[in-house]
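**Student:** Here it is: the structure, laid out below.
The values are calculated or read from the model by the stated rules, or taken from the named source; none is laboratory data. In this text, all values refer to a predicted model and were calculated from it rather than measured experimentally. Note that each Cβ is placed from the backbone with ideal geometry, even for glycine, and that neighbours are counted across all protein chains shown. All accessible areas refer to the heavy atoms of the entire protein, side chains included, with ligands and DNA or RNA removed. Shrake-Rupley method; radii C 1.70, N 1.55, O 1.52, S 1.80 Å.
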Amino acid sequence: MRFEKWQALGNDYLIIETAELPFALTAGRIRRICDPHMGIGADGILLLAPPSQAEFVADLRIFNPDGSEAELSGNGAREAIMYLRHRGFTDSDVFSIHTPAGAIKPRITGPDTCAVDMGRASTVSPDFPGGPPDGRGLLEVDGQTWGFRHVSIGNPQCAIRADALDSLDLPAIGPAIEHDDRFPRRTNVSWYTELEPGLIRARIFERGVGETLSSGTGATGAAVAYHLDGGPPAVGVELDGGRLDVLLSPDLDVNLTGWARPVYRGELSDDFQKELDETE
């Protein structure tokens, strides 16, 4: 099985085309492949298939390292987009790919950059059933009360404004929020603070992953919450892995701009592929 490893702001994925898969991509196999010691190591897998409809260049599925499937990933989507362009699937600067969250429409802006129409964000979704129209709520974790705003951008986000980001122990407090009963499919979590008008810093705890250097949809969730609290529609988001830029329309249509780069190509050894064949 051949693959490529890509990264965007330190968020790394393995890109696999379905024609290269000699087995079903089960949760157990995904965990083995993404394991940094027993496998290749990655924040997830991007599986590209021939397009299900003529209007798309490809169909994209995104898997977390715990074996669960994500509806969308901003960084993963950019990696898949630049891979498709680099590998000659299209020579157009503007095209569409299909994801479980719907169509996403990128515009290539440079050798390793693109702007992605991520669709419309909303504070109301089935991922926060019974939540108020503004998506607001309160969480109590380790004796501390957090005010949050639910944002759906193809996947669920829980955005929390906080002042002292560096002192937060995300591995300790993130799981309780991810698995809160109010989020039936779990949730991603972003903590953010304003650095200056139009510029925020965010730290991300991803569903099924844990703390990550960056997340495109996590940055988007934080930017939407910041904007709804009075921030401008153009928001720069500084993450531990680098910067993403989010532009919001009055209806919360999201345009996300950033880079993605290849790391290496590889092929599974016969021994490891045999181990995967024997993994459920």
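**Student:** For region 42-55, name all the residues that are surrounded by fewer than 18 Cβ atoms within 10 Å (Cβ to Cβ), touching a residue at least 24 places away in the same chain (Cβ under 8 Å) and assigned to a loop (DSSP other than H, G, I, E, B).
**Tutor:** Scanning region 42-55 gives P50, P51, S52, Q53, E55.
**Student:** Between a first residue in region 193-212 that is under 13 Å from G10 (Cβ atoms) and a second residue that is of a type in the set (D, E) and not in a loop (DSSP other than H, G, I, E, B), which pairs have beta carbons less than 8 Å apart while being 6 or more apart in sequence or on different chains?
**Tutor:** The qualifying pairs are R203/E211; I204/E211; T212/E206.
**Student:** Of the residues that sit in region 149-159 and are within 19 Å of G208 (Cβ to Cβ) and not in a loop (DSSP other than H, G, I, E, B), which one is farthest from the chain's Cα centre (by Cα)? Break it down into steps so the answer makes sense when it comes.
**Tutor:** Let us first name the residues in region 149-159 that are within 19 Å of G208 (Cβ to Cβ), namely 150-159.
Narrowing the set further to residues that are not in a loop (DSSP other than H, G, I, E, B) leaves 150-152, 156-159.
Numbers: H150: 16, V151: 14, S152: 12, P156: 10, Q157: 10, C158: 13, A159: 14 Å.
Among those residues, the one meeting the criterion is H150.
**Student:** Is there any pair with a first residue in region 229-248 that is open to solvent by less than 10 Å² (accessible area, probe 1.4 Å) and a second that is aromatic (F, W, Y) whose Cβ atoms are under 9 Å apart and which are 6 or more apart or on different chains, and what are they?
**Tutor:** Qualifying pairs under 9 Å: V235/Y226; V237/Y192; V237/Y226.
**Student:** Of everything in region 132-141 that's of a type in the set (A, V, I, L, M) and touching a residue at least 24 places away in the same chain (Cβ under 8 Å), which residue is surrounded by the most Cβ atoms within 10 Å (Cβ to Cβ)? Reasoning before the result, please.
**Tutor:** First, the residues of region 132-141 that are of a type in the set (A, V, I, L, M): 138-139, 141.
Imposing the further condition that a residue be touching a residue at least 24 places away in the same chain (Cβ under 8 Å) reduces the set to 139, 141.
On the way: L139: 17, V141: 15.
Per the stated criteria, the residue is L139.
**Student:** Please find, among R31, R61, R85, the residue that is open to solvent by 30 Å² or more (accessible area, probe 1.4 Å), assigned to a strand (DSSP E or B) and out of contact with any helix residue (DSSP H, G or I) (no Cβ under 8 Å at 6 or more places or on another chain).
**Tutor:** Numbers: R31 fails: assigned to a strand (DSSP E or B); R85 fails: assigned to a strand (DSSP E or B).
After applying the criteria, what remains is R61.
**Student:** Follow-up question, since we're still on this one. Could you list, in sequence order, all residues of region 196-209 that are buried (at least 22 other Cβ atoms within 10 Å of the Cβ) and more than 21 Å from A70 (Cα to Cα)?
**Tutor:** Answer for region 196-209, where residues must be buried (at least 22 other Cβ atoms within 10 Å of the Cβ) and more than 21 Å from A70 (Cα to Cα): just I200.
**Student:** Here's a follow-up. Any idea which of T279, T193, T212 is touching a helix residue (DSSP H, G or I) at 6+ places or on another chain (Cβ under 9 Å), open to solvent by 20 Å² or more (accessible area, probe 1.4 Å) and modelled with pLDDT under 95? Before the answer, list the steps.
**Tutor:** Numbers: T193 fails: modelled with pLDDT under 95; T212 fails: open to solvent by 20 Å² or more (accessible area, probe 1.4 Å).
None of the other options fit; the residue is T279.
**Student:** For region 142-164: of the residues being open to solvent by 10 Å² or more (accessible area, probe 1.4 Å) and of a type outside the set (G, A, S), which is modelled with the lowest pLDDT?
**Tutor:** The qualifying residue modelled with the lowest pLDDT is D142.
**Student:** Can you run down the residue pairs with Cβ atoms below 9 Å, 6 or more apart or on separate chains, where the first is in region 263-276 and within 16 Å of L25 (Cα to Cα) and open to solvent by 80 Å² or more (accessible area, probe 1.4 Å) and the partner is of a type in the set (S, T, N, Q) and in a strand (DSSP E or B)?
**Tutor:** Once the first residue is within 16 Å of L25 (Cα to Cα) and open to solvent by 80 Å² or more (accessible area, probe 1.4 Å) and sits in region 263-276, no partner that is of a type in the set (S, T, N, Q) and in a strand (DSSP E or B) comes close enough.
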